[in-house]
Every structure is written in C-alpha cells, then in structure tokens.
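Comments concern the structure below.
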Amino acid sequence: MQTTLYSGFGVWDPVIWTIAGAVILLLVYLFWRSGVSTYRKGSEQERPYLSGNAEPEKNAVHIGGGNLYWGFTEGLKGYYSRLVPVHTGDLNDYMLWYFGVLVAVCALVVIFQ
Amino acid sequence: MSQYVPLLVALPLIAAFAMPLVGMLGKTIRNSLAIIAMAGTVTAALLLVYEVLVNGTIIYAFGAFDPSLAIPFDSGGVPIRILFVIDAMSAFMVLTAAIMMFAVVLYSLSSESEQTGQDGYYALLFLMMVGIFGMVTTGDLFNFFVFLEINSLAGAALAAYRINKGLSVEGGLKYAFISTIAGLFFLFAIGMLYGQYNSLNIAYIASVIDLTGLSLVALVLMITSLAMKAGSVPMHFWTPDTYSSAPSSITAILIVSSMASLYAIFRVAFSLYGVTMNVVTIGWIIIILGILSMFIGVSMALPQKDVKRLMAYHSVSQIGYMLVGLGVGVAVLGDTQMMNEFGLVAMEGGIFHIINYALYKGLLFLIAGAVIYRCGTRNLNELGGLGHSMKWTMGFFIIAALAIAGIPPFNGFASKILIYESVFIFNPYISVIAMVVSIMTLASFVKVFHSMFMGPKLPQYAEVKEVPLPMLIGMGLLAALIILFGLFPDLVVNLLIEPAALAFIDQSGYISSVMGGI
Amino acid sequence: MQMSRIVRTTADIAFPFILVYGFYIIIHGHLTPGGGFQGGAILASAMLLLLLAYRYHESIRHVRKTMMKTLESGGLLLFAFTALSAMALGAGYFYNWLSPGGVLFGDIVEVGSALANLNTAGLIPIMNLAVGIEVVGAVSVILLALLSGIKEKI
Amino acid sequence: MNDIFYAAILALLLLILVAGIRLVIGPTVPDRVVALDTINTLMVGSMILLAAYLGQTIFVDVAIVYALLSFLGTLAISKYIGGEL
Amino acid sequence: MIEMILHLVILSGIVISAGLVFALRDLVSAAIAFATFSFLLAIEFYILQAPDVALAEAAIGAGLSTAALMIAIRGTVRSEGDGI
Amino acid sequence: MITTAALICIVIGVIFNALGAIGILRFPDVYTRLHAETKMTTFGTIFVSLGVILYAAGMLTGTGDAQYLTLGIHTAIAVIALAFTNATGSHAIARAAHRSGVKPDPAVVDRLSEVKRRD
Amino acid sequence: MLTQLPYLAVVLIAGIGIATILLKKNLIKMIMGLGVLTGSANLFLVTLGYRDGGIAPIYTSAPEGVMVLSTVQAMTVTNIVIGFATTALLLAFAIMLYRKYGSVETGDIRRLRE
Amino acid sequence: MIRLLATMVAAFVAYLLLTAGSGDILLWSGPELVAGAIIAIIVGITSYRIFCRSENLRMANPLRILLLLVYAAIPLLIEMARANIDVAIRVITGRVHPGIIRVRTGMKTDLGLLLLANSITLTPGTLSVDVDEESRDLYVHLINVPEALRTEKSVDSRELFTFFNIPGWIRRIAE
Amino acid sequence: MRRRLSIVLTLLTVMMLGVIVTGLSFGEPGAAPMDDYFIENSQSESGANNVVTAVLFDYRGLDTLGEAAVLFTAALGTTLIFRRRRDD
C-alpha cells in the first residue's frame, strides 16, 4: 500500500514518521526504565518536598485556563482591544456586517471586472 | 443510473416523519428506529459513493419514468425536472456527512438520554441530514434553496434544544435569523438567473450563461450569503454564539452543514459560472475571506474561557484553510498551466481538509460535550484534572488536538501540507500566514488540554466517571478515522480527493453529463 | 377570557362551512386555483377560529395536540409513500404512474373544463390530500405551541 | 361591460388608498383595525369585479377565501386589544 | 398599458403599508400594517394572474401570520423600545 | 336590459363604498367610524356583487355556459360570508375597543361604562 | 420607467425590509421586516413570470390567451409556506427569549458575545 | 346521532352549492357527488359537537331556513338601505349624537342573539358593542341617540327599527 | 454613527438590487423553453388542468416534499421549544 503523498513541491510519508516516532518512544521508555530503582509508589517518596512546608490545597495549585497566555494577550493588547469589542453579540450588527460585505464584494467585482 | 439516489433523501425523511408517531410507543422502539434508519441511510450513501467512484457521474431525474433520462426528447434540449447530479465531489460530501451522522447518532443515544422530547430531537436530526444530503447532491438551484431552509430551520430548532437559561435560544435565534436572510438573498439570486435563462438547472444555466449585470449581482449575492452560512469572517459572528450554545452532538452536525454551504460556494463558482466570471477577482475575494477567517478566528480563540466557544472560533479559523485552498483553485481556473502546476494540489488540499476538518472538529465537539455531560460546566477556569478519571476521552482529545494543530502523523497535517506547499508557489505570504495560524492553533489547544485534563484531581470532580459506551463508540469511530486518514493520506487523495477536485474543475464535463454532450 | 357570545356562536356556525370550503379547495387542486397547501391553510384557519373564539383551556379540548401531531405525521407519511410507490414499479421517485388511463384518478382530462373532472390527474389528488392533512396538522401544532408558550408554565 | 368593470375596479382600488389614510393617521389601534376591515371589504368587492373583468370565473374562489378569512385577522387583533388573548 | 394604472395604485399601497410596518412604533399597529401589506400583495398576485399564489398568501398571510404575530406580541412586549 | 341593471347596481355599490371610505375619515371616533365601515362598505359590496350576479345571469341566459352559473353562485357565497363575518367582526372590534378603554368621544349617554366589569 | 413598475416596487419593498432589519432593535419588528422582505421576494418571483396579456396557467373556459409562466408560481407558493414556517419558529424563539431574558430588544439579547 | 346527521346534511348542501354547474346529474357530476358525500361525512364527524351544541334541532326545519332567506332578502335589506341612506347623510353633514344604550332582547337562544346582534349591526345607525352574558342584553352604540331614549335605563329592541318588527322575525326564525 | 451607516448600506443594497429594474423587462420574459413545455404537456402527461399544481406535485415534486418538511420542522421546533422539561 502506497503511503507517500506528493504535494507537487515535496513529499510526505507518514509511515516513516511513525516508525521514527516509535523508535523515539522506545528510547524514551528505555531511559525511563533505567531510572532510580528504589522509588516506590505509596510511600513517603511520593510526597512533594516544598522546603519543608505543608502541601497546599489541590485547588490552589491548579492553574485555570484563564491564566494561560495572559502575557500573550497583554502583549497584543492594542490588537485585542480593537478586535474583541467588534463581537458585540448584537443581531443588528451581524446584519450590518453582512450587508457591508455584500456591498463591498459587489463593488470589488464591479471595479475589477 | 442508480436506485439508491432517492433513498438518500427518502429514508431519513420517512424516518423523521414517523418519529413523532413512533415516539408515542416507547423509548426503545424509537431508538431502534433511529438506529435502523441511520444505518439504512449510511448504507445507501456508501453504495452510492462506491457507484459514483466506479461508474462516474450519476444523474437522477425526479418524477420521470426513466430516471436516468435527464432531458425529455420533446423538450428541445432543456432539463425540465429536478435533477440530482452526483459527481465525485458530491459523493465525497455525501461520504463525509454519512460518517458524521453515524457517529453523532450513536453519541446522541446516551448524551441526550436525560432530556424530554427526544422524538423531536431525532426527527430534527434526520431532517438536518436530509438537508445536507440534498444540498450536496442536487443539481437544481431552487431545490438547493429548499434543502438549505430545511437544514437551517432544523439546525436552529436543535440549537435551542436545551434551553440552558435562554442562552441556547439566543444562539438558535441568531442562527435562524441569519440563515433566513441568507436564504432570501439566495432566492433573489435564483430569481435573477431564472428571469434571464428561464431555467433552474445548474448545468443548463452554465451552458448558456453570459456575464450580464444581473448575473454579476446574482453571483455576488450567492457567494456572500453562502459564505455567511459557512461562517467566514467578517460574517462569522453567529458561529461562536450558536456552536457554543447548541448541544455538542448538534454542533458536530452544524459543522457538516457549514461544509455543505462551503461546497455550494464552490459549486456556484466552478460549475455554475466557471470561466465566464472574472475568476481572478472572485478567487482573490474568496482568498481574502479565507485569510481573514484563519487569522481572526484563531486570534479570537486564544483568550476564550468557554471551551465550546474556543472550539467554535477554531472552526472559523479552519474554514479559512478550505477557502484559501479552493480559492486558489478559483483564481487560477482560467490558466491551465498554473492549474496543473499548483492549483490542483491546492484544491486537493482544500477538499481533503473538508473531511479532515469535519472529523477532528466533530470529535473535539463531541469530547467537549462529554466533558460537559459529566462535569456540567464549560468554563475552562473551573475545569481541571479530568485526565485521572476520563482516560479514553483524554486519549481522543490528544488525537484530535494534534490533528487540528497539524502535527504529523495525523490527518490535519496531510491536508495542511498540501495547502502550504501549493499556496506557497501562488503567493508565499499566504502560506506563511497559514503556518503561523497553525502554530497558534496548537498553542490554544495546549491551553485547553492543560486546563481540562492536566493538573491534580480536583475535589469537586471526584465523582466523575468515564462517559457511557455509545458515546465512546461514536468518538472512537472518528478517532480511528483520523488516524487512518493520517497514516494513509495518499490512498484517500487518490481514491476520493483527486476525482473530486477534477470534477470541480471540469465544468464542461459537468454540463455534458446533464445535457448529453452538447 | 373569551370572546363574547356572539363571536362564539359565529365561530360555531362558520366552522363546518370553512372546513367544507377547505376540502373543496383541496380536492379541486388540480382543476381550479388551490391545492394542498392553500386548502390545508384554510382548514387550519378553521382551527384558529376555534382557538380564537374560546378560552385556551376550552379550545384545546376541541383541537387536540396529539390528534394534530398524528395528522401531521400521517399526512407526510402518506405523501412520502405515495411518491415512493412509483419506485416499486421500477420508475423514478415521484413518477405519476396513476395518471394515464388508470382506474382511480386516471381519466384523461378534457381541455377547457373548470370543475367536474375530479377523476383525473393520477397521483396528484392523493398528494394534494396528503399535503392538506399535513398542513392543517402542522399549522395547528404551531399555533397550539405558540399559545401554550404564553399560557402555560413550562 | 368591461369598461364599467374596469372603472369600478379602479374606483375601489383608489378607495383602498383612501381608507389607507386612516391606517396611517389613526390615533388608536381600533381605528387602524377599522381601516383594515374596510380594506378587506373593498378588496373582496374588487376581487369579485376582477374575476368578471378578466373572464376567469374560478378566480372568485380567492374572494371567498378572503371573505371568510379576513375575519380571522380582525378577530385576532381584537382579541388582543380587548385583553382577552 | 391601461392595466399599469391598477398596478400603480396597488403597488403604491403596498409600498406605503410596508413603510408603515417600518414606521409605526406600536407593534400591534405594525402588525395591522403587516396584515394590510399581505392583503395588498395578494391582490397584486391576483392581477398578475397567479390565483394559486393569491390564495396561499390570503390564507397564510391574512389569518395565520397575523394570529401568530398577535400571540407573540402578547407573549412579549407591545411597544418597541428606542431605536439606534 | 339586464346589463343596464348590473351597471346601475355596480354604480350604486361603488358610491356606497366611497361614502364608507370617506366616512371612516370624517367621523370623530372609533364607534362612529365602525358605523360607516360596517354598514356602508358591506352594503356597497353587496350591490357590487349583485351587479356581477346580474351580469353572470345575463351571460348565462345568453351563452348557456355553465361557468357563469359558478360565477354567480360563488359570488353569492362570497357576499353571504362577507356580510356574516363583517357584522361579527365589527362587533368584536367595538367590544375590544371599549374594553381597551377607548371611550366614545362625543357621547350623549354611555350605559356600558356605568356597569361594573364582572370579568 | 412606468412599465418597470413592479420591479421598482420589489426593490423599494426590499429596501424597506432591509432598513427594518438594520435599524430596528425590537425582535418582533425585525421578524416583521423579514416578512416584508419575503413578500418582496415573492412579488419578484411572480413578476418574473408575467406575460403581457397572459392568462392564469389553468385550463378553463376562460378566454384564449398565452399563459403566464407557471414555475415561478409554484416556487412562490413554496416560498410563502417556508416564510410562514420561519416566522413561526422565530416568533417562538422570541417568546421564549422574553421569558428567559425579560426583553426582546437586541441590545439586551447579547449574553453570548466576545 | 341526529346532530351528526344534521351537520352532514348542512355540509353536503354547502358543498353542492360550491360545485353547482359541474355536470349532468341535475347540476352536478358523479365524482363531485361522491366526493361531496365523503367530505360531508368527514366534516360531520369533525364538527357536529361544535355546530350543534344543543340537542335542540329547531333550525333543522327547512321552513325556518326559508324564513331566514326571506328575512334576509326583504326586511333586512330594506332596513339596511334606510340605515345606509341615514348614515350617508351623516357622512356628508357630519351631524352625530352618538351614545351607548342598553337594549333588552329577550332572546332565549344563542342563534337568535347572533341574528339580532348582526341585524342591529347592519341596520339603522346601530352597532352592538357588548353583550351581557347572563341576561343576553345588548349594549348598542347608536350614531344618533333620540332624546326619548337618553334617560331610559334600558330600551326594548323593537324601538331600534323603523319599518319592520325585526325582533319578532328573528323570534319566529330562531325560537 | 451606526444609524447613518445602516442607512447608507440600505441605500447601497437597494442600488445593487436596482439592477433588476434595468436588467429585466416586465411582461416580456425572454425565451421560456421550460415553462412552455410545462404549459403544453402538463395536461397530457399528468392530467391536471392546473399547470401550477402539475408543476408543484409532478415536475417539481421534490420541492413540495421539502416544503412540507420545512413546515414539519417548524412545527417540531416550536413544540420542542415549549416542551415540558424535567429541569433546566
């Protein structure tokens, strides 16, 4: 069964990639096996060591989704402060955009005909 | 000539019509009817696809004594009946829709089992499928409009299926309103074409069309309203509203119906107008819409907190890929050399992306539905630690997320690489933008993965179990197909995609299949 | 609240006549203006007349939702199966196999006649009737649902 | 005879416009309903005349539908403004 | 040509009633204007030799749509809020 | 002869219709306008239809074509339906108007407002 | 221009419908605007099929004449029913939204945004 | 049972009226008669509970129907003509003295009330506004209230008409 | 601002739709091959005097089925919205 995909410009063969991935996984597994052999589950070793402090609540250490990419959105504040308010949720605005695009596309088609 | 063609529409319609009556008999009988009808429809669809791939384009005339006779002898070479014209592209869309329907019906058996009014739910589900099948197979403009309306109304009613403190109703209302407007302007366009050529058949109109001002305005109206139905920027505003408030299984079908609208854009562009219109202008308009969709969609998705809303913005972004891929095909339609060089590959990428997108985006929405089904919330700030209890769901999520981000060896990569490399020849900047968007997609799904499945097991979700088996089967089917398509992309491209792309380009073939070689 | 006694009596008297007229429009659909949709809408208007003339709780005893749903589904199934019946004979979906020279509804139509030739047009009268039944059911269900939406606690 | 019919139809249609003035200016809602009712009645008359004028006898069916059903719209509106719906 | 006068009268009525639908702020009045719009549209269909369409518009536009609108207005509010 | 009768009927009908349409413009309040509307336009339409019926009868005797019988009978049915529903309709409007608080503006006596609403 | 009167009316009515949809904020009013737009589409379709001096496409004992086009009339009947179905569904949505949100102004129906 | 039969007959007659002139059997053709019979049965079953609410079948007497037609053709039309001329003069001159008065009807049946109210609405300058549900008294809006009636608590219905004893006719028809 | 934009867009759309006034002529449709076929053959093929009904139920029957399905959809949708729920 042929698996090579010719994209007109390059070649892409997923089977080779899969084999490579399998090899890498095998290597990772081997490294993992050769770890510390005295580690045991369910013993004292499992508890995190936080400079001798008590472990905090589970909820406290969980990072919520809203906190991710805070820096990204903060960095692109100028862009987002323009883009987000456009999504007003107002049905009239939706229709306005539709008719705007309608007229714009018509103008483009007529001009570049 | 095939007897399966009307069954594609008739079987789900009869199932939908019988559903309220059967619903009075009991839950088990109703569910079995749903499964039987779905299996029958999918079987008919698969047989049809097989026949199209083997024998070429199928013509079916409704109401004629001999359905394969498209044009009566005494009509002077004009098709007078409603024709279903199923070429390779239509067959491809039928296949996509059938797969999604199979998965969604299985999934719904469990996910909606707590709700009342399920007979209506299944009836509307089948009606939506009728709409999609009709839209992708019909060769008649007004018939397309009717199926569009069926699909829109059923979709809107289903989007409001769970009231959800009014949020779902709001989403359904926006969808219904916008679909109606799009349908009305499509009807205006149909009227303009009818007034000039006195026909509703796409192939016949394509054989006689010339570019008057009326045809031009009709083209603009059709493309714009269908682009709004497909949810491209800057008419995408309804997409996150409706997708996020609809039940997850319905969102998976809404995606397929937006795909059907996308198909219709290119059916209009390639088969109805073809080189009659100014292909470069139209192509660039579609490409610009695609670029805007890609970029704005993904950048709106990044800061979202609602998991379904985030995925909805991603679907806007993914639609951009298809618009770009197929739009490049439109833009180079008149130039045979450029078409052979890269246009065909770009179109193949765009078409391949349709089925890939439907698969992984459907799977993602089904997963989101599974999480909401168990946890009752969709806020990413509140979710977390589900990887401990929902292992299968997490596995499926990893597959789907990697596929949507275009990570090898999943199917998203296969279609995206086709788009990148061919579009790079057309215009390098577009390709670069597409890659950047792909990276941002990955970033945003890392966020989703982290906040849903990673982290310590939270106390409020201690009771959460794995979802029931039918839901898992539905999701697993899609995941298996994603891996299959990712591992053997060339098989799919050769078998399905390339005939579809060629069918789009070959306008004269489309016309002659109906008009009998005129 | 309900309308006055006069309006209620008018509704009572007009109801069967509107029904007759709706059926007249339906079964003459292939001869005169009209057909399944128009006649069905007229029949549904008769139901609306009852809904308007009486109190909500009184009128839903005359116009029952289950009955209307059954009519709706039954009409549509009749329509779909009538269309499907042509496929059993090997012809196309929606082929009008009853039309030329059949027994029921199979007469050849005369040119230039307004009424009277009821026994013509093949499957079309059956489909008209099916659509009429469906429309009266569907429109009544819509109106009842809208009324229940403003009258009942959900 | 056709000229008479035509003139009568034209007169009735103009009267519809005249009644439309009440629809525009009517201070209260019942005034507008009265205008609507007037328009309905005039329209039934003009439809009957049109059927005779065009020579299409079966067109009178439409007029019957009007006469029967325009009542329903009036009834719905008056049920609303009477506070009874 | 002489038929054009009939068209002129009816079509101006249609446009006026459509404008009333836009202009009247009281929703019940707007619904009445909408019913008038339907009626006049039906008679225009009638003159354009489309009795089937006129019948459908008469049955659906005149009675059923108005009733549905009135039910909806009873279920919501009667007066329109401030525009843009 | 019968054509002349039909002509006279139609002219009378149009005149009454015109008076009705003017009446709803001239009269001061809803109830008086309803008087004009109900009586005059119904009466006018009855006469218009009578004209058409006479015309149909004339054609029926002249040509013997059965379609004119249909025309006449259907016109009669339309008129009966119209008169029947119009009267009830204007009663409904008047009642609704009174219940909604539109009082007869110039009124010498109003017995209905005096009775206490029971329902 | 006088001969093109129906088309002119179609355009005007469509404009009024579009203006109602764009400028009004009340949902019921917008649904009425949609109805006006549907009416304009219906009028457009019927107008397309008219032939000068034509008679209705029904074989009766009516005077002889060329018949007007019939397909558009069938399409218009279809569209009228579709329009009613859409209106009813939208009105049901509006009623339910009022029960849940307490308003039918589009300015208030925007809990789903951004 | 007899109610069902009465409704079916009424429906059949209405259908026959609608399709008169279609064929050779008197005025009707064979298929029309068959279809009419089927429709009459369907309509009868659907609506006999509504059409004939009471077991009282007074109106099934054909003589009463005939009387109704005569009533509609002669007294009602003449009263209507008089009323119309009256209102027409008032349209032109604009002199009105409107008011709402209470009218004793004495009708025992709903049909009688309906006929009276519709007659009042269609005839002399009067318009039935409301009806008392128990006593079946009408509230009638007069376009010109005579001096004599302004002070009375309630008037008899006969005083509203000029030429004919309309309530008497209706009583003879409907009761 | 938005009001002015709405008005401008309405006018522009009306101008765009105005092409139908210039592009088509009322009362004189061009060639009508499909409809002439219907008018000539509907009586002999489907046996219906009313050409519109013949078109609706015979030649374009699928449209009619779809239209009935639309009405069915709307009825189901309204009943689903106002159905009784276990909870919300």
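The values are calculated or read from the model by the stated rules, or taken from the named source; none is laboratory data. All of these numbers come straight from a predicted model, not from anything done at the bench. Backbone-built Cβ (ideal geometry, glycine too); neighbour counts: all protein chains shown.
What about residue D:23, is it buried (at least 24 other Cβ atoms within 10 Å of the Cβ) and farther than 19 Å from residue F:81 by Cβ? Answer is yes for this residue.
In summary, helices (runs of 4 or more DSSP H) completely within segment I:1-85 and bearing 1 or more residues that are at pLDDT below 80 and away from chain B (no Cβ under 11 Å) occur at I:33-46. Looking only at segment D:63-85, count how many residues are buried (at least 24 other Cβ atoms within 10 Å of the Cβ) and of a type in the set (D, E, K, R). Of the residues in that region, 1 qualify. Only a single criterion out of (1) within 14 Å of chain B (Cβ to nearest Cβ); (2) at pLDDT below 75 is not satisfied by residue C:113, namely (1). Scanning segment G:44-59 for residues that are in contact with a Pro (Cβ under 7 Å, 6 or more places away or on another chain) and in a helix (DSSP H, G or I) yields G:47, G:48. Please work out which residue is surrounded by the most Cβ atoms within 10 Å (Cβ to Cβ), limiting yourself to segment G:11-34 and to residues that are within 7 Å of chain I (Cβ to nearest Cβ) and closer than 23 Å to residue E:44 by Cβ. Among residues in segment G:11-34 that are within 7 Å of chain I (Cβ to nearest Cβ) and closer than 23 Å to residue E:44 by Cβ, the one surrounded by the most Cβ atoms within 10 Å (Cβ to Cβ) is G:14. Can you confirm whether residue F:46 is at the interface with chain D (Cβ under 10 Å from one of its Cβ atoms), under 14 Å from the mean Cα position of the chain (by Cα) and surrounded by fewer than 17 Cβ atoms within 10 Å (Cβ to Cβ)? Taking the combined requirement at face value, the residue does not satisfy it.
Looking at B:172, B:213, B:231, just one residue is at the interface with another protein chain (Cβ under 7 Å from one of its Cβ atoms) and crowded, with 24+ Cβ neighbours inside 10 Å, and that residue is B:172. In the condition set (1) in contact with a strand residue (DSSP E or B) (Cβ under 9 Å, 6 or more places away or on another chain); (2) more than 7 Å from chain I (Cβ to nearest Cβ); (3) crowded, with 24+ Cβ neighbours inside 10 Å, residue G:66 is compliant with all but (3).
Restricted to segment C:1-84, the set of helices (runs of 4 or more DSSP H) holding at least 1 residues that are away from chain E (no Cβ under 13 Å) and surrounded by 22 or more Cβ atoms within 10 Å (Cβ to Cβ) comprises C:5-27.
With a requirement of 2 or more residues that are among the acidic types (Asp, Glu), the helices (runs of 4 or more DSSP H) lying completely within chain D that satisfy it span D:29-54. Just one of the listed residues (G:78, G:60) is among the polar types (S, T, N, Q) and under 17 Å from residue B:184 (Cα atoms), namely G:78. Answer with yes or no whether residue B:406 is on the phi > 0 side of the Ramachandran plot, crowded, with 20+ Cβ neighbours inside 10 Å and not acidic (Asp, Glu). Against the criterion (on the phi > 0 side of the Ramachandran plot, crowded, with 20+ Cβ neighbours inside 10 Å and not acidic (Asp, Glu)), residue B:406 qualifies. From the list F:26, F:33, the one residue that fits, being among the charged types (D, E, K, R), surrounded by fewer than 24 Cβ atoms within 10 Å (Cβ to Cβ) and at the interface with another protein chain (Cβ under 7 Å from one of its Cβ atoms), is F:26. Taking first residues from segment B:106-119 that are within 13 Å of residue B:161 (Cα to Cα) and partners that are of a type in the set (Lys, Arg) and assigned to a helix (DSSP H, G or I), the Cβ contacts under 6 Å between residues at least 6 apart in sequence or on separate chains come to B:119/B:30.
Condition check for residue B:74 on (1) without any contact (Cβ under 8 Å) to a residue 24 or more places away in the chain; (2) crowded, with 24+ Cβ neighbours inside 10 Å: one failure, at (2). Residue count for segment F:19-56 under the criterion of being outside any helix (DSSP H, G or I) and touching a Lys or Arg at 6+ places or on another chain (Cβ under 6 Å): the result is 1.
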